[in-house]
Amino acid sequence: ILFCDRRVIDFGTIPVGFKKIDTIVIRNNSNKEMELLMDVLPLSSAFNFLSILKRIEPGKEKSFTVSFEPVNVQKFNEAMKIYAENSINITLKGESVYPEVNVHHNNQTYMDIAGALIGDTVEGSFALENKCEFDLNFELTIDAQGAKNPSGKCPFVFLPNKGTLNKFETKAIKVLFQPEIASINYFACVNVYIEGLKTPKQLFIKSVASAS
């Protein structure tokens, strides 16, 4: 007789494109060796049985790994059947969502940094607000910019420019404005790439620099 330590595997809620792994333990309570078989999960399933089904000796148990890797937003509820002389029905559950992250400066997606003198550094900041119950990686890039420094160094520096947002964390991103020439056309369109989101969030930053 086969015995499983769990009849329901609930992966909870994860972002689209993420992967979560869990384990079940199956025990052979009979007095003879059993070869395990399993019904094939549908091709559209977000669940995958990662372990190779094996023979289990009498009185022994083995661990098997199941993954949940959704590619669209959906609630999942599927049945997995493992059997030898008797069968075990295991329910696989999970939900996938798009990550929810706000990028803002004083609740706006526009940031005006105070003007600076050539060679000086002026500091500002904006916020990345993770409204999800899971950690998310992020990375900042500049999609377009106005006036450029002759040295080739970007006038705007972000600290940090990549990292991890913990669940429900609001992280302050420091912006250093370091101009090398006088101009009223310093600006940057900042892309904020969030793990699990196909389209980046954006923030527009603007400032000016003078010789004196």
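The values are calculated or read from the model by the stated rules, or taken from the named source; none is laboratory data. All values derive from a computational prediction rather than experimental measurement. Please note: Cβ atoms are built from the backbone with ideal geometry, for glycine as well, and neighbour counts cover all protein chains shown. Quick note on the areas: whole protein, heavy atoms, side chains included, nothing else; ligands and nucleic acids left out. Shrake-Rupley method; radii C 1.70, N 1.55, O 1.52, S 1.80 Å.
What accessible area per residue comes out for the stretch 8-52, rounded to a whole number of Å², with a 1.4 Å probe? Present the calculation step by step, with values, prior to reporting the outcome.
Numbers: 2540 Å² over 45 residues.
Accessible surface, normalised per residue, equals 57 Å².
Report the gain in length on full extension from Leu53 to Arg7: 0.36 nm times residue separation, minus Cα-Cα distance, nm rounded to one decimal.
14.8 nm
Quick one: putting +1 on the C-beta of Lys and Arg, -1 on the C-beta of Asp and Glu, what dipole do you get for the stretch 98-212 around its Cα centre, in Debye to the nearest 20? Display every interim value, and only then the final one.
On the way: 10 positive and 12 negative charges, 35 e Å.
Charge dipole, the stretch 98-212, about its Cα centre: 160 debye, nearest 20.
Of Lys171/Lys206; Lys19/Lys153; Lys20/Lys131, which ones are farther than 28 Å apart at the Cα? Numbers along the way, then the final one.
Working: Lys171/Lys206 21 Å; Lys19/Lys153 38 Å; Lys20/Lys131 20 Å.
From the list (Lys171/Lys206; Lys19/Lys153; Lys20/Lys131), the Cα-Cα distance tops 28 Å for Lys19/Lys153.
If each of Glu123 and Lys171 carries a label point 7 Å out from its Cα toward its Cβ, how far apart are those two points in nm?
Distance between the two pseudo-spin positions: 1.8 nm.
Ignoring ligands, DNA and RNA, please state the percent of accessible area on the stretch 149-203 from carbon and sulfur, probe 1.4 Å. Walk me through the numbers on the way to the answer.
Numbers: 1600 of 2950 Å².
Carbon and sulfur together cover 54 percent of it.
Sort 35-43, 8-16 for me by packing, meaning the mean count of neighbouring Cβ atoms within 10 Å per residue, highest on top. Mind showing how you got there, number by number?
Working: 35-43: 12.0, 8-16: 16.4.
So the order, starting with the most tightly packed, is 8-16, 35-43.
Quote the accessible area belonging to Tyr110 in square angstrom, nearest 10, computed with a 1.4 Å probe and with ligands, DNA and RNA left uncounted.
Only protein atoms counted, so the area is about 90 Å².
Return the Cα extents of the stretch 24-170 along principal axes one, two and three, sorted largest first, each rounded to a whole Å.
Over the stretch 24-170, Cα extents along the principal axes are 84, 29, 25 Å.
I need the calculated FRET efficiency for the pair Lys62 and Glu133, taking r as the beta carbon distance and R₀ as 41 Å, to the nearest 0.05. Don't skip to the answer; put the middle values down first.
Numbers: r = 32 Å, r/R0 = 0.79.
Result of the calculation: an efficiency of 0.80.
Quick check: net charge around Asn185, other residues with Cβ under 13 Å of its Cβ, Lys/Arg +1 and Asp/Glu -1?
Numbers: positive: Lys148, Lys206; negative: none.
Cβ neighbours under 13 Å give a net charge of +2.
Using the heavy atoms of the protein chains alone and a 1.4 angstrom probe, what is the accessible area of the stretch 59-210 per residue in square angstrom?
Working: 7970 Å² over 152 residues.
Ligands and nucleic acids excluded, the result is 52 Å² per residue.
Below 15 angstrom from the Cβ of Leu117, what's the summed charge of the other residues (Lys, Arg +1; Asp, Glu -1)? List each step's numbers first, then the result.
Working: positive: none; negative: Asp120, Glu123, Glu180.
Here the charged neighbours net out to -3.
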